[in-house]
1. May I ask for the net charge around V50, where only other residues with Cβ less than 12 Å from the Cβ of V50 are counted and Lys, Arg are +1 while Asp, Glu are -1?
2. I want the local charge near I312. Using Cβ-Cβ distances under 11 Å, sum +1 for each Lys or Arg and -1 for each Asp or Glu among the other residues.
3. Relative contact order of the chain, please, whole-number percent, based on alpha carbon pairs below 8 angstrom and at least 6 residues apart.
4. Using a/c under 1.5 as the rounded threshold, could you call the range 232-321 rounded, prolate or oblate? The axes a ≥ b ≥ c are square roots of the C-alpha gyration tensor eigenvalues, and prolate needs a/b larger than b/c, oblate otherwise.
5. What whole-number value in Å² describes the accessible area per residue of the chain for a 1.4 Å probe?
6. Helix-derived [θ] at 222 nm for the chain: sum -39500 (n - 2.57) over DSSP H runs of at least 4, divide by residue count, nearest 500?
7. Please give the Cα centre distance for the range 173-223 versus the range 18-36, rounded to the nearest Å.
8. Per-residue HN-Hα couplings for the range 264-270, Karplus 6.51 cos²θ - 1.76 cosθ + 1.60 at θ = phi - 60°, whole Hz, x for Gly and Pro?
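The values are calculated or read from the model by the stated rules, or taken from the named source; none is laboratory data. Here the structure is a predicted model, which is why all the values come from computation and not from measurement. Cβ placement follows ideal geometry from the backbone for every residue including glycine, while neighbour counts extend to all protein chains displayed. To get the accessible areas, we keep the full protein, side chains included, count just its heavy atoms, and leave off ligands, DNA and RNA. Shrake-Rupley method; radii C 1.70, N 1.55, O 1.52, S 1.80 Å.
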Amino acid sequence: ATKGHLMTWNRYHRYQEILDYLMYLSEHYPHLVELLPIGKTTEGRPLKVVKISSGQTRENVVKPAIWIDAGIHAREWISPAVALYILRQLVENKSYRALVSQVDWYILPVVNADGYEYTHTTDRLWRKSRRMPIESGRTLWGGMSYGCEGVDLNRNWDWHWGSVGASQDPCDDTFAGSHAFSEPETRAVSDFILDHRDRIQLYLTLHSYSQMWLVPWSHTKKRADDYDDMMYLARQATEAIQKVHGSQYQLGTSPSLLYATSGGSDDWAKGKAGIKYSYTIELPDKGIYGFMLPADKIVPTGKELFTGIKSIVKSIVKINS
Ligand code: PAY
Ligand code: ZN
(Lines give C-alpha, C1' and ligand atoms only; values in the text may rest on other atoms or scores of the structure.)
(Ligands and ions follow the chains in the order given, each with its own letter.)
Protein backbone atom coordinates (compact mmCIF):
# COMPACT_ATOMS: atom_id res chain seq x y z
CA ALA A 1 0.00 0.00 0.00
CA THR A 2 1.12 3.57 -0.56
CA LYS A 3 2.38 5.55 2.43
CA GLY A 4 0.14 8.47 1.80
CA HIS A 5 0.34 11.41 -0.52
CA LEU A 6 1.80 14.88 -0.87
CA MET A 7 -1.24 16.43 -2.49
CA THR A 8 -2.31 19.89 -1.38
CA TRP A 9 -4.46 22.59 -2.86
CA ASN A 10 -2.10 25.48 -2.28
CA ARG A 11 0.48 24.70 -4.92
CA TYR A 12 0.71 23.03 -8.33
CA HIS A 13 1.94 19.44 -8.35
CA ARG A 14 4.12 17.25 -10.52
CA TYR A 15 2.50 14.37 -12.40
CA GLN A 16 3.95 11.70 -10.11
CA GLU A 17 2.47 13.41 -7.05
CA ILE A 18 -0.89 13.45 -8.80
CA LEU A 19 -0.66 9.75 -9.66
CA ASP A 20 0.30 8.99 -6.05
CA TYR A 21 -2.79 10.82 -4.86
CA LEU A 22 -5.03 8.86 -7.23
CA MET A 23 -3.48 5.63 -5.95
CA TYR A 24 -4.00 6.77 -2.37
CA LEU A 25 -7.68 7.46 -3.04
CA SER A 26 -8.26 4.10 -4.68
CA GLU A 27 -6.63 2.33 -1.72
CA HIS A 28 -8.41 4.31 0.98
CA TYR A 29 -11.84 4.40 -0.66
CA PRO A 30 -11.98 1.06 -2.48
CA HIS A 31 -15.78 1.05 -2.59
CA LEU A 32 -15.90 4.49 -4.12
CA VAL A 33 -12.81 4.91 -6.29
CA GLU A 34 -11.44 2.79 -9.07
CA LEU A 35 -8.48 3.62 -11.32
CA LEU A 36 -8.94 2.65 -14.93
CA PRO A 37 -5.75 2.62 -17.00
CA ILE A 38 -6.67 3.75 -20.50
CA GLY A 39 -3.30 3.97 -22.18
CA LYS A 40 0.02 5.75 -22.18
CA THR A 41 1.31 9.07 -23.42
CA THR A 42 3.90 9.43 -26.17
CA GLU A 43 6.67 9.37 -23.56
CA GLY A 44 5.13 6.40 -21.78
CA ARG A 45 3.39 8.02 -18.84
CA PRO A 46 0.28 6.14 -17.69
CA LEU A 47 -3.13 7.73 -18.20
CA LYS A 48 -5.55 6.75 -15.45
CA VAL A 49 -9.21 7.61 -15.37
CA VAL A 50 -10.64 7.89 -11.87
CA LYS A 51 -14.07 6.33 -11.65
CA ILE A 52 -16.13 7.46 -8.66
CA SER A 53 -19.23 5.41 -8.15
CA SER A 54 -21.34 4.11 -5.30
CA GLY A 55 -24.70 2.66 -4.50
CA GLN A 56 -26.84 0.22 -6.34
CA THR A 57 -28.20 0.63 -9.80
CA ARG A 58 -31.80 -0.43 -10.07
CA GLU A 59 -32.48 -3.19 -12.53
CA ASN A 60 -32.88 -1.90 -16.08
CA VAL A 61 -31.99 1.62 -15.02
CA VAL A 62 -28.90 3.08 -16.59
CA LYS A 63 -27.09 5.39 -14.23
CA PRO A 64 -25.96 8.58 -15.95
CA ALA A 65 -22.26 9.31 -15.98
CA ILE A 66 -20.28 12.55 -16.08
CA TRP A 67 -16.91 12.90 -17.80
CA ILE A 68 -14.38 15.56 -16.79
CA ASP A 69 -10.94 15.89 -18.33
CA ALA A 70 -8.27 18.48 -17.70
CA GLY A 71 -4.79 19.36 -18.80
CA ILE A 72 -5.21 18.86 -22.54
CA HIS A 73 -2.95 21.89 -22.78
CA ALA A 74 0.27 21.71 -20.80
CA ARG A 75 0.56 25.28 -19.53
CA GLU A 76 -2.99 25.61 -18.21
CA TRP A 77 -2.04 24.49 -14.70
CA ILE A 78 -5.21 25.61 -12.99
CA SER A 79 -7.13 23.03 -15.03
CA PRO A 80 -5.66 19.83 -13.50
CA ALA A 81 -5.62 21.53 -10.10
CA VAL A 82 -9.37 22.22 -10.30
CA ALA A 83 -10.11 18.70 -11.55
CA LEU A 84 -8.24 17.37 -8.51
CA TYR A 85 -10.11 19.74 -6.21
CA ILE A 86 -13.43 18.39 -7.54
CA LEU A 87 -12.19 14.83 -7.30
CA ARG A 88 -11.26 15.39 -3.69
CA GLN A 89 -14.65 16.86 -2.81
CA LEU A 90 -16.49 13.96 -4.40
CA VAL A 91 -14.40 11.35 -2.62
CA GLU A 92 -13.35 12.84 0.71
CA ASN A 93 -16.24 15.18 1.54
CA LYS A 94 -19.04 13.04 2.92
CA SER A 95 -21.69 15.65 2.19
CA TYR A 96 -21.49 14.70 -1.51
CA ARG A 97 -22.33 11.02 -1.02
CA ALA A 98 -25.78 11.52 -2.58
CA LEU A 99 -24.26 13.18 -5.62
CA VAL A 100 -21.94 10.23 -6.04
CA SER A 101 -24.72 7.69 -5.73
CA GLN A 102 -26.92 9.43 -8.32
CA VAL A 103 -24.35 9.56 -11.10
CA ASP A 104 -21.01 7.96 -11.87
CA TRP A 105 -18.04 10.25 -12.36
CA TYR A 106 -15.12 9.70 -14.70
CA ILE A 107 -12.26 12.14 -14.17
CA LEU A 108 -8.95 12.31 -16.04
CA PRO A 109 -6.92 15.05 -14.31
CA VAL A 110 -4.06 15.37 -16.80
CA VAL A 111 -4.52 14.35 -20.44
CA ASN A 112 -1.27 15.86 -21.71
CA ALA A 113 0.99 14.48 -19.00
CA ASP A 114 4.16 14.79 -21.11
CA GLY A 115 3.54 18.44 -21.87
CA TYR A 116 2.56 19.09 -18.27
CA GLU A 117 5.88 17.73 -17.02
CA TYR A 118 7.72 19.75 -19.66
CA THR A 119 6.12 22.95 -18.34
CA HIS A 120 7.50 22.06 -14.92
CA THR A 121 11.03 21.19 -16.06
CA THR A 122 11.77 23.31 -19.11
CA ASP A 123 9.24 25.72 -20.57
CA ARG A 124 6.40 27.03 -18.42
CA LEU A 125 4.38 28.21 -21.43
CA TRP A 126 4.46 25.01 -23.51
CA ARG A 127 1.01 24.11 -24.88
CA LYS A 128 1.27 20.99 -27.05
CA SER A 129 2.17 17.37 -26.35
CA ARG A 130 5.79 16.22 -26.69
CA ARG A 131 5.79 13.93 -29.71
CA MET A 132 8.85 14.48 -31.90
CA PRO A 133 8.06 15.57 -35.45
CA ILE A 134 8.49 12.89 -38.06
CA GLU A 135 8.61 13.44 -41.79
CA SER A 136 8.85 10.62 -44.35
CA GLY A 137 9.95 8.19 -41.68
CA ARG A 138 12.81 10.37 -40.49
CA THR A 139 12.85 12.20 -37.21
CA LEU A 140 13.57 15.80 -37.94
CA TRP A 141 14.24 17.24 -34.56
CA GLY A 142 18.03 17.16 -34.83
CA GLY A 143 18.04 20.05 -37.22
CA MET A 144 14.71 21.44 -36.28
CA SER A 145 14.19 24.72 -34.52
CA TYR A 146 12.73 24.79 -31.05
CA GLY A 147 8.98 24.51 -30.81
CA CYS A 148 8.40 21.97 -33.56
CA GLU A 149 7.74 19.14 -31.15
CA GLY A 150 4.29 18.14 -30.09
CA VAL A 151 0.71 18.17 -31.30
CA ASP A 152 -2.07 20.44 -30.12
CA LEU A 153 -4.24 17.83 -28.43
CA ASN A 154 -7.25 20.11 -28.80
CA ARG A 155 -6.97 20.04 -32.60
CA ASN A 156 -6.47 16.30 -33.05
CA TRP A 157 -10.03 14.99 -32.60
CA ASP A 158 -11.93 13.36 -35.40
CA TRP A 159 -14.64 15.89 -36.08
CA HIS A 160 -14.10 18.38 -38.91
CA TRP A 161 -10.41 17.76 -38.27
CA GLY A 162 -8.09 20.38 -39.76
CA SER A 163 -10.83 22.56 -41.25
CA VAL A 164 -10.40 25.83 -39.35
CA GLY A 165 -8.18 27.37 -36.66
CA ALA A 166 -5.72 24.49 -36.84
CA SER A 167 -2.29 24.26 -38.44
CA GLN A 168 -0.61 21.65 -40.62
CA ASP A 169 2.79 22.99 -39.60
CA PRO A 170 4.41 20.99 -36.77
CA CYS A 171 6.16 24.14 -35.57
CA ASP A 172 2.88 25.94 -34.84
CA ASP A 173 1.21 25.92 -31.47
CA THR A 174 -2.04 24.72 -33.03
CA PHE A 175 -0.52 21.85 -35.06
CA ALA A 176 -3.38 19.39 -35.57
CA GLY A 177 -1.20 16.28 -35.99
CA SER A 178 -0.66 14.20 -39.11
CA HIS A 179 -4.24 12.95 -39.08
CA ALA A 180 -7.22 12.83 -36.71
CA PHE A 181 -6.41 10.84 -33.58
CA SER A 182 -2.76 10.46 -34.56
CA GLU A 183 -1.88 10.87 -30.88
CA PRO A 184 -2.00 8.20 -28.14
CA GLU A 185 -3.54 10.64 -25.64
CA THR A 186 -6.54 11.65 -27.76
CA ARG A 187 -7.00 8.05 -28.93
CA ALA A 188 -7.05 6.72 -25.38
CA VAL A 189 -9.60 9.27 -24.21
CA SER A 190 -11.86 8.99 -27.25
CA ASP A 191 -11.88 5.18 -27.17
CA PHE A 192 -12.87 5.26 -23.52
CA ILE A 193 -15.63 7.77 -24.12
CA LEU A 194 -17.00 5.79 -27.06
CA ASP A 195 -17.04 2.64 -24.89
CA HIS A 196 -19.15 4.49 -22.30
CA ARG A 197 -21.17 6.72 -24.59
CA ASP A 198 -24.59 5.28 -23.65
CA ARG A 199 -24.05 6.48 -20.10
CA ILE A 200 -22.03 9.67 -20.39
CA GLN A 201 -24.49 12.56 -20.47
CA LEU A 202 -22.15 15.42 -19.75
CA TYR A 203 -18.71 16.02 -21.26
CA LEU A 204 -16.59 18.69 -19.58
CA THR A 205 -13.08 19.66 -20.55
CA LEU A 206 -11.17 22.17 -18.43
CA HIS A 207 -8.88 24.75 -19.99
CA SER A 208 -7.62 28.22 -19.11
CA TYR A 209 -7.64 31.12 -19.36
CA SER A 210 -10.44 33.58 -20.28
CA GLN A 211 -13.22 32.75 -17.79
CA MET A 212 -15.72 31.43 -20.28
CA TRP A 213 -18.22 28.62 -20.56
CA LEU A 214 -17.99 27.53 -24.20
CA VAL A 215 -20.85 25.82 -25.97
CA PRO A 216 -20.45 23.87 -29.27
CA TRP A 217 -19.91 24.35 -32.08
CA SER A 218 -16.37 25.62 -32.25
CA HIS A 219 -15.78 24.75 -35.89
CA THR A 220 -18.71 26.67 -37.33
CA LYS A 221 -20.78 29.73 -36.60
CA LYS A 222 -23.91 27.72 -37.34
CA ARG A 223 -25.98 27.04 -34.28
CA ALA A 224 -26.40 23.50 -33.08
CA ASP A 225 -30.02 22.30 -33.30
CA ASP A 226 -30.18 22.07 -29.54
CA TYR A 227 -28.16 25.20 -28.85
CA ASP A 228 -30.92 26.53 -26.57
CA ASP A 229 -30.89 23.37 -24.43
CA MET A 230 -27.11 23.58 -24.04
CA MET A 231 -27.30 27.28 -23.23
CA TYR A 232 -30.07 26.74 -20.69
CA LEU A 233 -28.02 24.40 -18.50
CA ALA A 234 -24.85 26.40 -19.02
CA ARG A 235 -26.60 29.59 -17.93
CA GLN A 236 -27.73 27.90 -14.73
CA ALA A 237 -24.13 26.88 -14.11
CA THR A 238 -22.62 30.31 -14.73
CA GLU A 239 -25.28 31.94 -12.54
CA ALA A 240 -24.50 29.49 -9.75
CA ILE A 241 -20.79 30.26 -10.19
CA GLN A 242 -21.38 33.97 -9.91
CA LYS A 243 -23.15 33.53 -6.58
CA VAL A 244 -20.04 31.97 -4.98
CA HIS A 245 -17.56 34.87 -5.14
CA GLY A 246 -18.97 37.04 -7.89
CA SER A 247 -16.89 35.65 -10.76
CA GLN A 248 -18.51 36.18 -14.12
CA TYR A 249 -18.03 33.56 -16.81
CA GLN A 250 -18.95 34.65 -20.31
CA LEU A 251 -21.23 32.20 -22.03
CA GLY A 252 -21.34 31.37 -25.74
CA THR A 253 -19.60 29.58 -28.57
CA SER A 254 -15.90 29.76 -29.31
CA PRO A 255 -16.30 31.54 -32.67
CA SER A 256 -18.42 34.24 -31.01
CA LEU A 257 -16.19 34.75 -27.95
CA LEU A 258 -12.67 33.67 -29.02
CA TYR A 259 -12.05 32.19 -32.47
CA ALA A 260 -13.20 29.22 -34.55
CA THR A 261 -11.28 25.99 -34.06
CA SER A 262 -11.65 22.46 -35.38
CA GLY A 263 -10.65 19.06 -34.08
CA GLY A 264 -11.49 20.08 -30.52
CA SER A 265 -12.66 17.59 -27.93
CA ASP A 266 -15.97 19.31 -27.12
CA ASP A 267 -17.18 19.30 -30.73
CA TRP A 268 -16.14 15.65 -31.09
CA ALA A 269 -17.91 14.63 -27.87
CA LYS A 270 -21.11 16.17 -29.17
CA GLY A 271 -20.81 15.47 -32.88
CA LYS A 272 -19.29 12.00 -32.89
CA ALA A 273 -19.91 10.55 -29.44
CA GLY A 274 -23.42 12.03 -29.32
CA ILE A 275 -23.11 13.57 -25.86
CA LYS A 276 -25.71 16.31 -25.89
CA TYR A 277 -24.21 18.43 -23.11
CA SER A 278 -20.60 19.08 -24.03
CA TYR A 279 -18.68 22.11 -22.83
CA THR A 280 -15.20 23.59 -22.80
CA ILE A 281 -14.64 25.57 -19.65
CA GLU A 282 -12.05 28.33 -19.79
CA LEU A 283 -11.07 28.83 -16.17
CA PRO A 284 -9.81 32.15 -14.76
CA ASP A 285 -8.41 34.56 -15.00
CA LYS A 286 -9.18 37.00 -17.81
CA GLY A 287 -5.55 37.75 -18.62
CA ILE A 288 -3.77 39.44 -15.73
CA TYR A 289 -1.88 36.30 -14.75
CA GLY A 290 -3.16 34.27 -17.68
CA PHE A 291 -1.71 30.76 -17.65
CA MET A 292 0.34 31.63 -14.57
CA LEU A 293 -2.55 31.88 -12.18
CA PRO A 294 -1.19 31.97 -8.60
CA ALA A 295 -1.76 28.78 -6.65
CA ASP A 296 -3.80 30.55 -3.99
CA LYS A 297 -6.55 30.71 -6.64
CA ILE A 298 -6.87 26.91 -6.82
CA VAL A 299 -9.36 26.61 -3.95
CA PRO A 300 -11.64 29.55 -4.85
CA THR A 301 -11.62 28.56 -8.53
CA GLY A 302 -12.31 24.93 -7.67
CA LYS A 303 -15.09 25.88 -5.32
CA GLU A 304 -16.95 28.03 -7.81
CA LEU A 305 -16.55 25.60 -10.67
CA PHE A 306 -17.72 22.69 -8.56
CA THR A 307 -20.81 24.74 -7.69
CA GLY A 308 -21.49 25.27 -11.39
CA ILE A 309 -21.02 21.60 -12.19
CA LYS A 310 -23.31 20.52 -9.36
CA SER A 311 -26.08 22.68 -10.78
CA ILE A 312 -25.78 21.02 -14.19
CA VAL A 313 -25.61 17.55 -12.71
CA LYS A 314 -28.79 18.22 -10.73
CA SER A 315 -30.56 19.12 -13.95
CA ILE A 316 -29.24 16.00 -15.64
CA VAL A 317 -30.44 13.82 -12.78
CA LYS A 318 -33.86 15.47 -13.11
CA ILE A 319 -33.96 14.89 -16.86
CA ASN A 320 -33.33 11.19 -16.20
CA SER A 321 -35.94 10.69 -13.50
O1 PAY B 1 -13.62 24.87 -27.80
O2 PAY B 1 -12.85 26.20 -29.28
C3 PAY B 1 -12.71 25.58 -28.25
C4 PAY B 1 -11.42 25.60 -27.51
C5 PAY B 1 -10.75 26.91 -27.52
C6 PAY B 1 -9.41 26.85 -26.79
C7 PAY B 1 -8.35 26.29 -27.74
O8 PAY B 1 -7.70 27.03 -28.48
O9 PAY B 1 -8.19 25.07 -27.75
C10 PAY B 1 -9.07 28.22 -26.27
C11 PAY B 1 -7.68 28.42 -25.69
C12 PAY B 1 -7.27 27.25 -24.80
O13 PAY B 1 -7.77 27.09 -23.69
O14 PAY B 1 -6.43 26.50 -25.24
C15 PAY B 1 -7.56 29.73 -24.92
C16 PAY B 1 -6.19 30.03 -24.39
C17 PAY B 1 -6.15 31.37 -23.68
C18 PAY B 1 -5.15 30.06 -25.52
O19 PAY B 1 -4.12 29.40 -25.39
O20 PAY B 1 -5.38 30.76 -26.51
ZN1 ZN C 1 -6.45 25.11 -23.58
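1. Values: positive: K48, K51, R88; negative: E34, D69, D104.
Net charge around V50: 0.
2. Working: positive: R235, K310, K314, K318; negative: none.
That works out to +4.
3. Values: 688 pairs, mean separation 63.8, N = 321.
So the answer I get is 20 percent.
4. It is oblate, given that a/c is not under 1.5 and a/b is not larger than b/c.
5. Numbers: 13720 Å² over 321 residues.
I get 43 Å² per residue for the chain.
6. Values: 9 runs with 109 residues, N = 321.
My calculation for the chain gives -10500 deg cm²/dmol from helical runs alone.
7. Rounded to whole Å, the Cα centres lie 25 Å apart.
8. x, 6, 5, 4, 4, 4, 7
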